[in-house]
Amino acid sequence: MAKSINIPEDYTVDNTNNLGTMTLVSGDNYNGTNITISDVKNKIGATTYDLGSLAVTSLVNKWAYFQSSVWDTENSDYMNGVYIRKPNPNGYDLGAFIGYNHNANPPVYWYTEPPSSIEIEIFKYFSLSCKLARGEGHPISNAGMESKDNIDFEYQMNNGAKSHIYRSLLSGVGLPTTFSLSENITSSGTLHLRPYYYEQEPDMSDKLQLAMIEDGARDIAVSIVNPKFSGSLAGPSTGMFGESFNFLYSITRTDASGQNLYFRLRAFSGAAVNNTKLLGTTGYLSFSGNQTREGSASLYISSTQGGQDVFVSVFLECSNSTSFSTRYTIANTSIIMSGAGGGV
């Protein structure tokens, strides 16, 4: 049989995978020919030759745009990702199967699956690039998808605030659209991902504008772990005010991470100590995976109050930025200072 067909926007005609033969007339208009009941039966793996049964059997991929059933808008629960088809009220039509793609994907689907779990070092931002792609059928009507159709990509850590990334699915059918997120996640838990479909910029106070993608929700188990490195700090445990003494430091990145980390050596002292000078470090030194940094630092401390022991702590710190807003102490040591002091 022959039939005139208008294909959805960006739909790719593939006569190898599509039932029948689709021949371009002009624009998005095709002639569809060469389809039989046997073609439909064999493609979906049915045992019957009855068109009425073939049209509504669950063996038919409900996401395929070309088929002889339609969405049941009354019984589908789009907000919870429940999509149901029903017989076409205009009757069964063999020609409706011309172009049927048994491998059709949902209206929006994961082009690549996100990981089920991920580890984050305590001073790294959580970052993830997700790829979603567009199927050939509209999720809440019997029309084809269009390039103006959009996705609300929702993510939520544990039971915290929900965040959203709105993106137009500008890519054609079957081509990925990337959603990138970066969050400062500081505790372990579960990151919930949920893609929604919408036709225009949604009013987030009215969720009825949206349709959840069936089987679209994903959970990622997030574990916050200590940085993968080791470090040491060697130096005296006692000292005299007004005299310099040296410390040796060593730090090794113990995994192959390509992200540079930074470390610095710092000294802290009590109220009775001033003019604490830690010399020998050249600013913020960075290191990448499987790299060791070693060096020395000279500490000089004077006191306004002589004859008093003061604990002075020297720390090796590590961060992923030179601001050290988040830091992890690799190693530390305390020094008991004594002596006449000086009033410098």
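The values are calculated or read from the model by the stated rules, or taken from the named source; none is laboratory data. Keep in mind it's a predicted model, so treat the numbers as computed, not measured. Cβ coordinates were reconstructed from backbone atoms using ideal geometry, including for glycine residues, and neighbour counts include every protein chain displayed.
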The stretch 10-25, residues that are over 16 Å from GLN67 (Cα atoms) and in contact with a Lys or Arg (Cβ under 8 Å, 6 or more places away or on another chain) = ASP10
Does SER127 satisfy the criteria of being free of Cβ contacts under 8 Å to residues at least 60 places away in the same chain, closer than 30 Å to VAL225 by Cα and in contact with a strand residue (DSSP E or B) (Cβ under 6 Å, 6 or more places away or on another chain)?
-> yes
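Filter the stretch 29-65 down to the residues that are among the aromatic types (Phe, Trp, Tyr) and more than 33 Å from the chain's Cα centre (by Cα) and list them by number.
Across the stretch 29-65, the qualifying residues are TYR30, TYR49.
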Of those in the stretch 213-247 that are in contact with an Asp or Glu (Cβ under 9 Å, 6 or more places away or on another chain) and either of a type in the set (Phe, Trp, Tyr) or buried (at least 19 other Cβ atoms within 10 Å of the Cβ) (or both), the residue farthest from PRO139 (Cα to Cα) is PHE229
Inside the stretch 1-15, can you point out the residues that are modelled with pLDDT of 80 or more and part of a strand (DSSP E or B)?
-> SER4, ILE5, ASN6
Qualifying residue in the stretch 101-118 (condition: surrounded by fewer than 15 Cβ atoms within 10 Å (Cβ to Cβ) and assigned to a strand (DSSP E or B)) = yes
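Can SER53 be described as assigned to a loop (DSSP other than H, G, I, E, B), over 23 Å from VAL173 (Cβ atoms) and not assigned by TED's automatic domain parsing to the domain that holds ALA211?
Numbers: assigned to a loop (DSSP other than H, G, I, E, B): no; over 23 Å from VAL173 (Cβ atoms): yes; not assigned by TED's automatic domain parsing to the domain that holds ALA211: yes.
The answer is no for SER53.
Look through the stretch 16-50, keep the residues that are among the hydroxyl-bearing types (Ser, Thr, Tyr) and outside any strand (DSSP E or B), and return whichever of them is farthest from ASP93 (Cα to Cα).
At the first step, the residues of the stretch 16-50 found to be among the hydroxyl-bearing types (Ser, Thr, Tyr) are 16, 21, 23, 26, 30, 33, 36, 38, 47-49.
When the remaining residues are screened for being outside any strand (DSSP E or B), the result is 16, 36, 38, 47-49.
Details: THR16: 22, THR36: 11, SER38: 14, THR47: 19, THR48: 16, TYR49: 14 Å.
Taking the candidates together, the pick is THR16.
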Any idea which of (1) over 30 Å from LEU24 (Cα atoms); (2) within 21 Å of the chain's Cα centre (by Cα) is the one TYR111 doesn't satisfy?
-> (1)
Which residue, of ILE98, ILE84, ILE37, is buried (at least 19 other Cβ atoms within 10 Å of the Cβ) and either touching a residue at least 12 places away in the same chain (Cβ under 8 Å) or in contact with a Phe, Trp or Tyr (Cβ under 9 Å, 6 or more places away or on another chain) (or both)?
-> ILE98
